[in-house]
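Please read the structure below before turning to the comments.
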Amino acid sequence: MPASRKHRRPPPSRTADPARTAALEVLRLVRTEEAYTNLVLPSVVARLELDTRDAAFATELAAGTIRRQGTYDAILAACIDRPLRRVEFGILDILRLGCHQLLGMRVPAHAAISSTVDLAHAKAGRGAGGFVNAVLRAVTRRDLDTWIAEVAPQPSGSRDERMEHLTVKHSHPRWVVDLLDAAAPDDDLDALLAADNVPPKVTLVARPGRAEVAELPGTPTLYSPYGVVLDGGDPARVPAVAEGRAGVQDEGSQLVALALASAPVEGADKVWVDLCAGPGGKAALLAAIAAERGAGVLAVEQHLHRAGLVRRALGGTGRLPGVLGLVSADGTRPPLAAASADRVLVDAPCTGLGALRRRPEARWRRSPDDLLALVPLQRRLLASALELVRPGGVVLYATCSPVRAETVDVVSSVLGSGEAVALEDVRPLLPGVTDADGPLEGTAQLWPHRHGTDAMFLALLRRGEGITAGG
Ligand SMILES: C[S@@+](CC[C@H](N)C(=O)[O-])C[C@H]1O[C@@H](n2cnc3c(N)ncnc32)[C@H](O)[C@@H]1O
């Protein structure tokens, strides 16, 4: 058969392979059911009974496709002679999977095309197979860099062109690129967006007094004395993790808990409150440290199912040392006496735009409108924390977002209220961490491309006498 004919007509229906079928199912669930990639992948893999190799392939294919879909859509738009919005969603998913195999993974072109065409045949019929075959053959004409140079040319000078270029090159929505540009240090934006596309290795924390770093597999983290970076494997199989003495926790989150615990406090230091505790990673680390110092953590979490996760992180029903209790309540009006806490953590609900590396779909699911609800809530939670802490006690305000509206603007709102609140320098509480100046003097901002952590923001506030923070 002549090559051209072979190319024009894909072979009659072969079955789709299980790994690609699984990846397509994950894309569908993420698109139609608002599923989270990382949560739905294991259940799809189990349902289709994939072996380890296929499971790894399906994971990289689904997560990588979702992450890079902005770039792939720009390339597909150049290969299809009608607007992408007129391509049926299921077929667009298949084309995106084909793009990732061709441009983002090392799958040989013939294997990527024939198996993706099989998938289209099996899921959408022979006509779809022919269409997918033709489009993916057009995609193979260039490599990724050449495609990006073509569909998002290097900017000639204007800011708008630069932002458009980075939007396509790094597959982020434009509004996210704009907000990260406003937050990131000068000249860092390209590296930050690139870092968002690299899935992080799993980091573990050895909860002090309960586990030793030396008993965990992996390489010690750079800054946290309690962390290790796993080289691979299932963290749930690490005995200390299975027993709840260690946990999975980004190093930036470990540093947040450590900064609160190591802030100097004079006088009583018994009651630590985590006002937004779910799912409980920071509360568990704080409780372990508190236990060693004769203090305890009271965890507050508004949402019941998240409170259940906190309960588990804190050791279930048998109360561990260092745990004062768990309350499912609104942290803006906690059922706790004013001025009753010595240290309070506000790890505020936020857009999560600093943790895009670990949540492939998050950038596409968030919208600028989210800020309209989140920012007032963040302000109320911080004001509430300042009422809860006693004079001389400290509040650590943190977000896993570097977006200024959620960081500097929230902190400035309480500082500007004329009350007795002082912003203190949090950076000395992050030993060894450099290049982490936050947007307001004394605050800190961690970055994936600089520190290898999520982009956590930290501000340390101390309550003076006679405060009624109000927000
Ligand atoms: C960023 S997460 C906290 C992560 C947590 N500190 C950890 O390390 O595992 C924010 C949490 O705040 C909770 N939350 C949202 N609104 C709240 C409120 N009004 N009061 C208390 N918790 C709230 C969310 O359900 C979510 O679990």
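So the values come out like this:
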| item | result |
| --- | --- |
| So Ala405, is it more than 27 Å from Pro225 (Cβ to Cβ), at pLDDT 95 or above, under 21 Å from the mean Cα position of the chain (by Cα) and assigned by TED's automatic domain parsing to the domain that holds Pro391 | yes |
| In region 115-136, the residues that are crowded, with 16+ Cβ neighbours inside 10 Å, more than 33 Å from the chain's Cα centre (by Cα) and of a type outside the set (A, V, I, L, M, F, W, C) | Asp118, His121, Gly129, Gly130, Asn133 |
| Which listed residue is within 16 Å of the ligand (Cβ to nearest atom), modelled with pLDDT of 95 or more and either at positive phi or surrounded by 21 or more Cβ atoms within 10 Å (Cβ to Cβ) (or both), from Gly267, Gly278, Gly244, Gly209 | Gly278 |
| Selection from region 151-174 of residues that are surrounded by fewer than 15 Cβ atoms within 10 Å (Cβ to Cβ) and either in contact with an Asp or Glu (Cβ under 7 Å, 6 or more places away or on another chain) or modelled with pLDDT of 95 or more (or both) | Pro155, Arg174 |
| Residue identified as among the acidic types (Asp, Glu) and in contact with a Ser or Thr (Cβ under 7 Å, 6 or more places away or on another chain) among Asp425, Asp370, Asp347, Asp330 | Asp370 |
| Single residue of region 220-237 satisfying the filter (among the aliphatic types (A, V, I, L, M) and touching a strand residue (DSSP E or B) at 6+ places or on another chain (Cβ under 7 Å)) that is nearest to Ala261 (Cα to Cα) | Val228 |
| Residue list for region 357-401, filter: of a type in the set (Gly, Ala, Ser), crowded, with 21+ Cβ neighbours inside 10 Å and assigned to a helix (DSSP H, G or I) | Ala383, Ser384, Ala385 |
| Any hit, region 284-298, residues being out of contact with any Phe, Trp or Tyr (no Cβ under 8 Å at 6 or more places or on another chain), within 13 Å of the ligand (Cβ to nearest atom) and among the β-branched types (Val, Ile, Thr) | no |
| Restricting region 317-358 to residues that are farther than 30 Å from Val177 by Cβ and among the acidic types (Asp, Glu), the residue that is farthest from the ligand (Cβ to nearest atom) | Asp342 |
| Any chance Gly354 is touching a residue at least 40 places away in the same chain (Cβ under 8 Å), buried (at least 17 other Cβ atoms within 10 Å of the Cβ) and under 30 Å from Val198 (Cα atoms) | yes |
| Residues located in region 1-55, provided they are at pLDDT below 95, over 26 Å from the mean Cα position of the chain (by Cα), of a type outside the set (Lys, Arg) and assigned to a helix (DSSP H, G or I) | Ala3, Ser4, His7 |
| Which listed residue is touching a Lys or Arg at 6+ places or on another chain (Cβ under 8 Å), without any contact (Cβ under 8 Å) to a residue 24 or more places away in the chain and either surrounded by 21 or more Cβ atoms within 10 Å (Cβ to Cβ) or of a type outside the set (D, E, K, R) (or both), from Ala422, Ala436 | Ala436 |
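Yes/no matrix, rows are residues, columns are (1) part of a helix (DSSP H, G or I); (2) away from the ligand (no atom under 14 Å from the Cβ):
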| position | (1), (2) |
| --- | --- |
| Tyr223 | no, yes |
| Val228 | no, yes |
| Gly232 | no, yes |
| Ala240 | yes, yes |
| Gln254 | yes, no |
| Leu258 | yes, no |
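The values are calculated or read from the model by the stated rules, or taken from the named source; none is laboratory data. Since this is a predicted model, take the numbers as computed values, not measurements. Here the Cβ is made from the backbone with ideal geometry for all residues, glycine too, and neighbour counts use every protein chain on show.
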